[in-house]
Amino acid sequence: MYLTDPRCEDRALACDHPCFDCPVRDAAVCNSLGREDLAEFRRSGTSKLLAAGEALCWQGEVATEVFSVTRGVLRLSILLPDGRRQVTGFAFPGDFLGLTLEDEHPFTAEAVCEAQLCRFSRARFDGFVEAHPQMERRLYSAAANELSAARDQMILLGRKTATERVASFLLQMTRHSPQRPGEPLRALLPMSRTDMADYLGLRIETVSRELSALKAARLVRTVSVHELQILDRDGLNRLAAGTGTSAA
């Protein structure tokens, strides 16, 4: 909610909110907290700003902190024993990072563009959650969503063709892109084509070829290197589901 949100009775009420300036306060894991508890939670953490390319944490590093993404996008990746990199996902505003049953981070998290996060001590965060069951339920929901995303990623890598993978990814990105009323659906792509390829399990040349085929089929249109317009959402959905004619 912003200062101009119509749900606020007036600007004074909005400014009085402990996180009035947070663009994702309705989507973050802390949105289940009442005003006083939220103020206490905010005081227990600090803000962290990452430049594009800067690492938040490294795979195998001791996990002493947890994070809530408030702006920007982070790339999550693991390094395989043979030195290859697999991008396992991307963290968007509202996502929570750092929860693990192990003592070490299972992945490396790096900013693909300038990003901002709320940062909390893991020990202090665990104590706060124990005292606030409503937040524990919210974290459970976030973990369930993460498991669902991991399942979808397994299907994408294990069963889908290159065309289906790229189409699925673009549709996924529309859900993380602000939309403009009356205009075609947007898919913002802050990550590089190499990041996309490493996430989709494809070669970068294949990603570029598939994107070109989608444009030639008039399913998408390039606005810039980091933005596409979806011209035919139904057609893209059919491709993603494997029920449409390949664009390549």
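Full extension from Asn145 to Ala123: what is 0.36 nm times the residue separation minus their Cα-Cα distance, to one decimal in nm?
Residue separation times 0.36 nm, minus the Cα-Cα distance, leaves 5.6 nm.
Relative contact order for the chain: what is it in percent, counting Cα pairs under 8 Å that are at least 6 residues apart?
About 17 percent, as a whole number.
To the nearest 500 deg cm²/dmol, what mean residue ellipticity at 222 nm is calculated for the chain from DSSP H runs of n ≥ 4 alone, each contributing -39,500 (n - 2.57), summed and divided by the residues?
My calculation for the chain gives -11500 deg cm²/dmol from helical runs alone.
Quick one: helix 122-131 against the long Cα principal axis of the chain, what's the angle to the nearest 10°, folded into 0 to 90?
Helix 122-131 sits roughly 70 degrees off the main axis of the chain.
So if we plug the beta-carbon distance of Arg218 and Ser47 into 1/(1 + (r/R0)^6) with R0 = 51 Å, what FRET efficiency do we get, rounded to 0.05?
It comes out at approximately 0.70.
Hey, got the Cα dimensions of the stretch 160-241 along the principal axes, in Å, largest first?
Taking max minus min along each principal axis of the Cα atoms, the stretch 160-241 gives 35, 25, 20 Å.
Let me test this: with uniform point scatterers at the alpha carbons of the stretch 45-157, what is the Debye-based log₁₀ I(q)/I(0) at q = 0.09, 0.16 1/Å?
-0.24, -0.78
Hey, what's the Cα Rg ratio for the chain versus the globular rule of thumb, 2.2 N^0.38 Å?
Relative to the 2.2 N^0.38 Å estimate, the chain comes out at 1.09.
Which order do the peptides 75-88, 106-119, 200-213 come out in when sorted by mean C-beta neighbours inside 10 angstrom, highest first?
Highest to lowest by the protection proxy: 106-119, 200-213, 75-88.
About the Cα centre of the chain, what is the dipole size in debye to 20, counting +1 per Lys and Arg Cβ and -1 per Asp and Glu Cβ, all else neutral?
Its charge dipole is roughly 960 debye.
With an 8 Å cut-off on Cα pairs and a minimum separation of 6 or more residues, tell me the relative contact order of the stretch 45-157 in percent.
36 percent
Any read-out appearing in this document is the output of simple, stated calculations on the displayed coordinates, not a laboratory observation. Quick caveat, the model's predicted, so the values are computed rather than measured. No Cβ is skipped: glycine too gets one built from the backbone with ideal geometry, and neighbour counts run over all protein chains shown.
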